[in-house]
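Below: the structure, in structure tokens.
The values are calculated or read from the model by the stated rules, or taken from the named source; none is laboratory data. What you are looking at is a predicted structure, and each value in this text was computed from that prediction instead of being measured. Here Cβ is always computed from backbone atoms with ideal geometry, including for glycine, and neighbour counts include all displayed protein chains.
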Amino acid sequence: MIATTFIFCFGLCALAVWRVAHLLAKENGPWDLIARMRGAMGSSVLGRMMDCLYCLSFLVSLPPALWLSSSPAGFLLYWLSLSALACLVERATQNRQGSLRVAQVSSSYLDKVIRGV
């Protein structure tokens, strides 16, 4: 029973890490607060970090890793695992529209001649 509860907590923490990192890196937030915060940080180290979901997941996973762990080795393992799961969730949910190519359809006379249509 305890293992099931821990796995459930770990999964919820991983989703929460992804959600917060996604909010900070890719969304404007309510009343554009997050966008203004990113803009105020400019090109500083934190400002550049705010543009990278993977970097943010590394930072955002610190508190849940501390909460879940009971030893230094466990903390390191949970910290890296939570960040990695957030990165995997991001990869799995990325919009694939940008990678699709649509061939331009032309019905000009020259295209018909070349294609033999």
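Return yes or no: is residue 47 surrounded by fewer than 15 Cβ atoms within 10 Å (Cβ to Cβ) and touching a helix residue (DSSP H, G or I) at 6+ places or on another chain (Cβ under 6 Å)? Don't jump to the end; show me each part of the working.
Values: surrounded by fewer than 15 Cβ atoms within 10 Å (Cβ to Cβ): yes; touching a helix residue (DSSP H, G or I) at 6+ places or on another chain (Cβ under 6 Å): yes.
Considered against the rule, which asks whether it is surrounded by fewer than 15 Cβ atoms within 10 Å (Cβ to Cβ) and touching a helix residue (DSSP H, G or I) at 6+ places or on another chain (Cβ under 6 Å), residue 47 comes out as yes.
For the stretch 73-88, give me each residue that is in contact (Cβ under 8 Å) with a residue 24 or more places away in the chain and touching a Leu at 6+ places or on another chain (Cβ under 7 Å).
78 - this is the single residue of the stretch 73-88 that is in contact (Cβ under 8 Å) with a residue 24 or more places away in the chain and touching a Leu at 6+ places or on another chain (Cβ under 7 Å).
From 73, 35, 14, 40, grab the single residue that is crowded, with 17+ Cβ neighbours inside 10 Å, at pLDDT 85 or above and of a type in the set (Gly, Ala, Ser). Explain how you work it out, then say what you get.
Values: 73 fails: crowded, with 17+ Cβ neighbours inside 10 Å; 35 fails: crowded, with 17+ Cβ neighbours inside 10 Å; 40 fails: crowded, with 17+ Cβ neighbours inside 10 Å.
Going through 73, 35, 14, 40 in turn, just one is crowded, with 17+ Cβ neighbours inside 10 Å, at pLDDT 85 or above and of a type in the set (Gly, Ala, Ser): 14.
Residues checked against (1) under 19 Å from residue 89 (Cα atoms); (2) touching a residue at least 24 places away in the same chain (Cβ under 8 Å):
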{"residue": "11", "(1), (2)": "yes, no"}
{"residue": "17", "(1), (2)": "yes, yes"}
{"residue": "21", "(1), (2)": "yes, yes"}
{"residue": "30", "(1), (2)": "no, no"}
{"residue": "44", "(1), (2)": "no, no"}
{"residue": "48", "(1), (2)": "no, no"}
{"residue": "61", "(1), (2)": "yes, yes"}
{"residue": "71", "(1), (2)": "no, no"}
